[in-house]
1. Checking the conditions here, which among SER153, SER183, SER171 is among the polar types (S, T, N, Q) and either in contact with a Phe, Trp or Tyr (Cβ under 6 Å, 6 or more places away or on another chain) or within 17 Å of GLY90 (Cβ to Cβ) (or both)?
2. Find all pairs meeting these conditions: Cβ atoms under 7 angstrom apart; at least six residues apart or on different chains; first residue within the stretch 163-183 and free of Cβ contacts under 8 Å to residues at least 40 places away in the same chain and under 27 Å from LEU30 (Cα atoms); second residue crowded, with 18+ Cβ neighbours inside 10 Å and not basic (Lys, Arg).
3. Please go through the stretch 157-173 and give me each residue that is among the aromatic types (Phe, Trp, Tyr) and more than 20 Å from the chain's Cα centre (by Cα), ordered by number.
4. What residue, of LEU184, LEU146, LEU176, LEU154, is within 17 Å of the chain's Cα centre (by Cα) and hydrophobic (A, V, I, L, M, F, W, C)?
5. Could you tell me which of the residues GLU49, GLU57 is free of Cβ contacts under 8 Å to residues at least 40 places away in the same chain, surrounded by 14 or more Cβ atoms within 10 Å (Cβ to Cβ) and either touching a Pro at 6+ places or on another chain (Cβ under 7 Å) or charged (D, E, K, R) (or both)?
6. Looking at the stretch 32-45, can you tell me whether even one residue there is among the small types (Gly, Ala, Ser), within 15 Å of the chain's Cα centre (by Cα) and under 26 Å from TYR166 (Cβ atoms)?
7. One residue is enough: does the stretch 61-79 have a residue meeting the conditions charged (D, E, K, R) and within 25 Å of ARG190 (Cβ to Cβ)?
8. Take the stretch 141-169 and flag every residue that is in a strand (DSSP E or B), buried (at least 16 other Cβ atoms within 10 Å of the Cβ) and in contact with a helix residue (DSSP H, G or I) (Cβ under 8 Å, 6 or more places away or on another chain).
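The values are calculated or read from the model by the stated rules, or taken from the named source; none is laboratory data. What you see is a predicted model, and the numbers here were worked out from it, not measured in a lab. Quick reminder, even Gly has a Cβ in these numbers, built from the backbone with ideal geometry, and neighbours come from all protein chains shown.
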Amino acid sequence: MKYSVYLRPFKITDAEKINKWRNDEEIQKLTCGRYRKVSLEIEKNWVQEKMTHNSVEEYFSICLNDGTDEMIGYFCIRDIDFYNRRCVFGGVVIDPDYRDGSYMVDTHLLALEYAFVHLGMNRVSGSCLEEHTISRVMVEMLGFELEGIEKESLYKAHTYHNVCKYAIRYSRYSALKETGQYSLMEIAKRAKKIMKQYKQTK
């Protein structure tokens, strides 16, 4: 299967684009991270640190797989625990110009494959704001299961937010993959069904 994107390790030259996205309030407002503007110099130091201290977390640039190799976002896997074989997806940041299409879905599929196949993880978890329906649909259509909601767990934009905690185990991932449930057609079907359910509960 050819994906619309591929993942590669950070390069120091990625700092400029990352800095642009980090300082964009619209991009950051629905993440679980704290929003603050940072200088390009601070960003370069941060990228360098992530490139060299990657034993328990790995950062990847998301690049177009169309021959241009253009970087359109970044992604991380953190809290990598080889003893218990578990890790956490730290969220995906993608340039607003590339949020349509299969870029986000393909990024998650590549990340799942990397975590389960290459790192040998048994469990991958992640979190998102309760009100961020798009993120919730994304992880649920990929097989993540809601394990709980932390009430007023995150303070952002002068208010407290509930945080949804999701996870997927290797057995579930493997079953979905073996039965063809990760084809774009099947994922689209699940997305439509899940989105309908969310609309009905509003």
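1. SER153
2. CYS164/SER127; CYS164/CYS128
3. Of everything in the stretch 157-173, just one residue is among the aromatic types (Phe, Trp, Tyr) and more than 20 Å from the chain's Cα centre (by Cα), namely TYR160.
4. Only one candidate passes the filter, namely LEU146.
5. GLU57
6. Yes, the stretch 32-45 has at least one match.
7. Filtering the stretch 61-79 down to residues charged (D, E, K, R) leaves 66, 69-70, 78-79.
Right, trim to within 25 Å of ARG190 (Cβ to Cβ) and you get none.
Among the residues of the stretch 61-79, not one is charged (D, E, K, R) and within 25 Å of ARG190 (Cβ to Cβ), which makes the answer no.
8. CYS164, TYR166, ILE168
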